[in-house]
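Here's the structure, in structure tokens; my notes come after.
The values are calculated or read from the model by the stated rules, or taken from the named source; none is laboratory data. No experiment lies behind these values; they were computed from the predicted model shown. Neighbour counts are summed over all protein chains in view; Cβ atoms, including those assigned to glycine, are modelled from backbone coordinates with ideal geometry.
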Amino acid sequence: MSKVDSISNDNSKGISRRSFLKNTTMIAGGATAGMFIPGAIDKTNVLDLMKHSNQPEVIITAKGRALIAKMQAEKKILLIDSMIFAYKANLGKAPTENEQLQPNDIVHNAKIQQQIRLSENAIALSTTLDSDVGPFKFNWSCLYCSEYDTIIAVTYPKLTTKTVDGPGVKGNTLIRSFILSYDDIAQITNSAVMAASPNFVAHQRLNNVENSALQAIIDQQGQDWFIKNGFMVLPFEGVYKVMAGVAYISGHRIELEHSRIIDVANKPFYIYVDAYNNNNDPESLDTKFNIIASTKDLKNYVNTDGVHHYYCKLCQVMADGTVSDLRPQNTVVDKGWAEAQDHQAIESVSGLKIYPISRNLAVNDTIPEGYNGLRINDKIYRVICHGIVNEIDENATFVIVNKHKYFLQPCIEGQSFYSIDNLEHYKPLSDWGDKINYAAEICRKGGLILWIPNKTYQFNKTIEFKDINVQWDGTLELCSNVIGVVCKYNVNLVGNPFIVRSRSLDYFDKTMVMLTSSKEKINGKWKTKGCVENKISQLNILNGWIDYQAFSNGKVLDSTKLTGRGLVLLAGSWTAGLTEQRAHEYVWRNFVSDIYVDGFEQPYVLEAVIDDITPNRWITWVNGNKLHNLCARRFRQGFTVTSPLLRPNGKIGGEVAGNTCASLDFQWSRYSTESFLVCEGRNNKFELMGWDAPKTATNTIKFLRGNTFPPGYGEAAGNIVELYGATLRHLNGSDLSPLVYESNPGLNTFIAEGFQGRNLMPESSPPTVGSTLTNSYIPKLDNFLAFINDRPGCRVKLFKNGHIHTKVDLAPMFDFNPESAVRLSVKAGDEYKVVISLENAINHFNMVGSTLGYNNLTSDKIKIDIDLHDRHKKSVYSSQQTLKTANVTGFMNATNIKTIVITYSGFDRDGKLNISSIYGQTYNRNAAQGVMTADGSCWMQDDIKINKAGAGVVIRDEVNGQLYRIAVANGELKLAPVNK
């Protein structure tokens, strides 16, 4: 019996409070101990931004920490019930843990209205200062526990003025939030888990403000009211015309831009306006409406999807076709008054003072002082300026006022974020690379967060980020052979970022993402600003020549296209073509985590260079960076460290050192993989999981020289490689020799799971007689000669030209330190001999070797002789080799050895002989046998376990010679005498 004619207001040009609030997120910031946020709490954004914030620092006080610890120990609930605001005339630069508060400084004490658990170690607390609170100003705030009269945490917010309602004046509404970080703080404060939907709490708080504004409008003007003839229904040639105009339905502003026709055959009936919005959906906050014809008496309701519907009768059409206007006549108001009320509501919600009130800004307008919002093209923009308007950009990205350019921040996208989509139709720039760079400049100048929405953007120009927070949720598709994205300094990159080499790009040999910083012109002077404090996380770097649509793990479409580099940390940006300015450059204190690279020749690179024009002038280094949880597939060299270490003058330059690279997860690929790690740097640490390398793989971890200095000088040294995971451990069974290669063996440390690979010793001769030299490693299960010079019954002597040399400390040859050495002066014709006597043990050796430190005596004439003798001084094994940095016998079977003699001879010139290590391995005295006795017959490796009843460790009293057994009874240690 009824017919519905739905009319949508999607194309409405007016600005309602709800359209202003769409996608708005009142959130910013984070800190280590906590943070103070001038806005509502949004869990998703808080967790993303807690580490990357410019918000005021929050300090937990000493008394606060003590109270928290006390409550945790007593398993009691800590109630933080107040947020105190104060004004201090003589405020320090930053809050301290011993903050004091005088009663005269307090301007307001507000109750905590909301407390939410963000994680086990972080909670959020907030309060709202409504428009009827004030007036006052504050620059100090704290969280307070009234039960224990304790200030828990303190912050110094910027000086803020709180206004209050007055005659004809609306006070401002402030939302203030603390994020408090402390171990297990959620449990001790009994904080509930926040709803998981994004923007939930921020949206909820905005709804509260919105509802207050709506109720104020209803209180002042009535439930439903209309501006003049808006929504009036008139009969017209057998149908019914609804007049264009503006109405407020239950306080919600709606606008009908053009008159509409309703045609209903059966009479009588009512015509309603149905205004609705969904308070549960932060993505759909606009008030919409339908025009409905019905014979029923319709009432307001909320449907099953949570959508609120508000009905208002516009008219009744009688049986004879006449129309009775049912709009509330006493509330049909003047348009100017309504627009002023709407303008005031927008200002109240946004916290802006907006100019002009009821029209758009125009050229030659004069903006008065005190305004921080402009109405342009029926949208509200945040900007602070005053004076004569010279120009308004047609794309609404900037205005020129008094001949100065001011960038506009669209409030419709939130108070903190600037979307690159604002420049989608910006005609001066055509490439998304240029547009993103322009947007980044806007954000830097306006203190905004750059937002890359969840869409795909193709670009051909290098994107540069510096001093900026980036919320990267979309995909950047690189379509030209250029560097993709450069992060210079202070870049906080969060979200779900993807950067992809386009499949349309046939050739690529550049870098997708690079951390580097070249010399910049600051205030007219060229200055070096290091690549520092970049925080990059969750980044995915993919190759478009891998098909992920049809195959979840990706299928390589053309293996010849797996080229270029993924993520690079570079000191020496001029080598990448980013600048022509040579300078001292450094990459330091950057934090990179949770990165995935697939389909590039070198997925991860740390590189410092030596200038090819003036190599001794500029110093470059990549030091002290933290890289964690890096994954790579389909590569040639998984992790590459390129480092000359020294300039030609012998001074430091081109150094890559002290970097921590943890949780490296690399998948071997049959397409191209050659190695997991290639390193020329020093003192770096790598924790590596390497998957599915074939047993035929060799040199998967390589330490190479990046310069032409003599051996032992400027080496890749002091690096630590920890191999973990079953795949690497079982390469070639227990033989790790083919896995690791060093151009100068013995200078780095390798740790592997399982005793077979705890330590590795260098090899300079074949591991077995007749086998091939691998220039790699053999397992060193136990160095029997370690600290042999300090062991009872063992003696070490040094002879020079047949005479004993007593004034030399021989400990460095046996101390496990590859960088220490016994340094001996050598003249032509000299001979040195090391004699090791093992008097009280029977030892069967299967390997003996010698390693040198820096050696400038390289010559084919210099020899090393390794001789092993039994107790009758008969030679059991003898080997003569050319002296190298490392010499080893290879595996042998030398039984009952009492003396080891190592002779260095054939020196044809003066120099230094630096003996770093002399080592040996026995097969009858090793860790598997348990305890090392006083004569050095065995090595204690693990716990001593005695399970037999009545048995224990027996020791002798040094005074009277009595034997005692150490035993444990009922958990108590006791000594029991033992009969001889």
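Residues checked against (1) under 13 Å from residue 87 (Cβ atoms); (2) of a type in the set (D, E, K, R):
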{"residue": "107", "(1), (2)": "yes, no"}
{"residue": "111", "(1), (2)": "no, yes"}
{"residue": "118", "(1), (2)": "no, no"}
{"residue": "121", "(1), (2)": "no, no"}
{"residue": "127", "(1), (2)": "no, no"}
{"residue": "140", "(1), (2)": "yes, no"}
{"residue": "148", "(1), (2)": "no, no"}
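I'm checking my understanding of the structure. Among residues of region 734-753 that are hydroxyl-bearing (Ser, Thr, Tyr) and farther than 21 Å from residue 916 by Cα, which one is modelled with the lowest pLDDT?
Step one: list which residues in region 734-753 are hydroxyl-bearing (Ser, Thr, Tyr), which gives 734, 737, 741, 743, 749.
From what is left, the residues that are farther than 21 Å from residue 916 by Cα are 734, 737.
Working: 734: 33, 737: 48.
Here the residue is 734.
Can you tell me which of (1) of a type in the set (S, T, N, Q); (2) surrounded by fewer than 22 Cβ atoms within 10 Å (Cβ to Cβ); (3) touching a residue at least 40 places away in the same chain (Cβ under 8 Å) is the one residue 475 doesn't meet?
(3) is the only condition that residue 475 fails.
Just for region 53-90: of the residues that are over 28 Å from residue 160 (Cβ atoms) and among the small types (Gly, Ala, Ser), which one is farthest from the chain's Cα centre (by Cα)?
73
When you look at residue 559, is it crowded, with 22+ Cβ neighbours inside 10 Å, over 21 Å from residue 628 (Cα atoms) and in contact (Cβ under 8 Å) with a residue 40 or more places away in the chain, yes or no?
Here the answer is no, as residue 559 does not meet what is asked.
Restricting to region 420-449, count the residues that are at pLDDT below 90, over 14 Å from residue 469 (Cβ atoms) and outside any helix (DSSP H, G or I).
Selection size over region 420-449: 6.
Quick one: residue 669 ticks every box in (1) modelled with pLDDT of 80 or more; (2) in contact with a helix residue (DSSP H, G or I) (Cβ under 7 Å, 6 or more places away or on another chain); (3) outside any strand (DSSP E or B) except a single one, so which number is it?
The number of the failed condition is (2).
Read through the list (1) outside the structural domain of residue 565 (by TED's automatic domain parsing); (2) within 25 Å of the chain's Cα centre (by Cα); (3) modelled with pLDDT of 80 or more, then give the number of the only condition that residue 723 fails.
Answer for residue 723: the failing condition is (3).
Confirm whether residue 676 is at pLDDT 95 or above and aromatic (Phe, Trp, Tyr).
Working: at pLDDT 95 or above: no; aromatic (Phe, Trp, Tyr): yes.
In short, no.
Would you call residue 902 modelled with pLDDT of 85 or more and β-branched (Val, Ile, Thr)?
Numbers: modelled with pLDDT of 85 or more: yes; β-branched (Val, Ile, Thr): yes.
Here the answer is yes, as residue 902 does meet what is asked.
Please work out which residue is nearest to residue 575 (Cα to Cα), limiting yourself to region 482-539 and to residues that are surrounded by 20 or more Cβ atoms within 10 Å (Cβ to Cβ) and touching a His at 6+ places or on another chain (Cβ under 8 Å).
Step by step, filter region 482-539, then rank; the result is 492.
Would you please name the residue that is farthest from residue 175 (Cα to Cα), looking only at residues in region 336-372 that are modelled with pLDDT of 85 or more and assigned to a strand (DSSP E or B)?
Top of the filtered list is 366.
Using the structure shown, decide if residue 884 is surrounded by fewer than 21 Cβ atoms within 10 Å (Cβ to Cβ) and modelled with pLDDT under 85. Break it down into steps so the answer makes sense when it comes.
Values: surrounded by fewer than 21 Cβ atoms within 10 Å (Cβ to Cβ): yes; modelled with pLDDT under 85: yes.
The answer is yes for residue 884.
Do we have any residue at all in region 856-867 that's modelled with pLDDT under 85, within 26 Å of residue 839 (Cβ to Cβ), part of a loop (DSSP other than H, G, I, E, B) and not acidic (Asp, Glu)?
First, pick out the residues of region 856-867 that are modelled with pLDDT under 85: 856-860.
With the extra rule that they be within 26 Å of residue 839 (Cβ to Cβ), the set shrinks to none.
Within region 856-867, not a single residue is modelled with pLDDT under 85, within 26 Å of residue 839 (Cβ to Cβ), part of a loop (DSSP other than H, G, I, E, B) and not acidic (Asp, Glu).
Residue under question is residue 861, and the condition is that it be surrounded by 15 or more Cβ atoms within 10 Å (Cβ to Cβ) and closer than 29 Å to residue 714 by Cβ; does it hold?
On the way: surrounded by 15 or more Cβ atoms within 10 Å (Cβ to Cβ): no; closer than 29 Å to residue 714 by Cβ: yes.
Against the criterion (surrounded by 15 or more Cβ atoms within 10 Å (Cβ to Cβ) and closer than 29 Å to residue 714 by Cβ), residue 861 does not qualify.
Return only the number of the condition from (1) modelled with pLDDT of 90 or more; (2) surrounded by fewer than 22 Cβ atoms within 10 Å (Cβ to Cβ); (3) in contact with a Gly (Cβ under 9 Å, 6 or more places away or on another chain); (4) of a type in the set (A, V, I, L, M, F, W, C) that residue 662 does not satisfy.
(3)
Of all residues being assigned to a loop (DSSP other than H, G, I, E, B) and touching a residue at least 40 places away in the same chain (Cβ under 8 Å) in region 97-130, which is surrounded by the fewest Cβ atoms within 10 Å (Cβ to Cβ)? Just the residue, please. Quick ask: steps written out before the conclusion?
Quick first cut of region 97-130, residues assigned to a loop (DSSP other than H, G, I, E, B) only: 97-102, 112-113, 120-121, 130.
Checking which are touching a residue at least 40 places away in the same chain (Cβ under 8 Å) leaves us with 99, 101, 120-121, 130.
Values: 99: 20, 101: 15, 120: 12, 121: 14, 130: 18.
The qualifying residue surrounded by the fewest Cβ atoms within 10 Å (Cβ to Cβ) is 120.
If I filter region 671-698 down to residues being in contact with a strand residue (DSSP E or B) (Cβ under 8 Å, 6 or more places away or on another chain) and among the β-branched types (Val, Ile, Thr), which single residue comes out as farthest from residue 640 (Cα to Cα)? Walk me through how you get there before you give the answer.
If we filter region 671-698 for residues that are in contact with a strand residue (DSSP E or B) (Cβ under 8 Å, 6 or more places away or on another chain), which is where we start, we get 671, 673-693, 698.
Still in the list and also among the β-branched types (Val, Ile, Thr): 673, 678, 698.
Numbers: 673: 13, 678: 5, 698: 17 Å.
Filtering region 671-698 for residues that are in contact with a strand residue (DSSP E or B) (Cβ under 8 Å, 6 or more places away or on another chain) and among the β-branched types (Val, Ile, Thr), the one farthest from residue 640 (Cα to Cα) comes out as 698.
Kindly indicate whether any position in region 683-704 is within 24 Å of the chain's Cα centre (by Cα), in a loop (DSSP other than H, G, I, E, B), under 17 Å from residue 656 (Cβ atoms) and modelled with pLDDT of 75 or more.
Taking region 683-704 and keeping what is within 24 Å of the chain's Cα centre (by Cα), we get 683-690.
Subsequent filtering for residues that are in a loop (DSSP other than H, G, I, E, B) retains 683-684.
From what's left, under 17 Å from residue 656 (Cβ atoms): 683-684.
Still in the running and modelled with pLDDT of 75 or more: 683-684.
Yes, the conditions are met somewhere in region 683-704.
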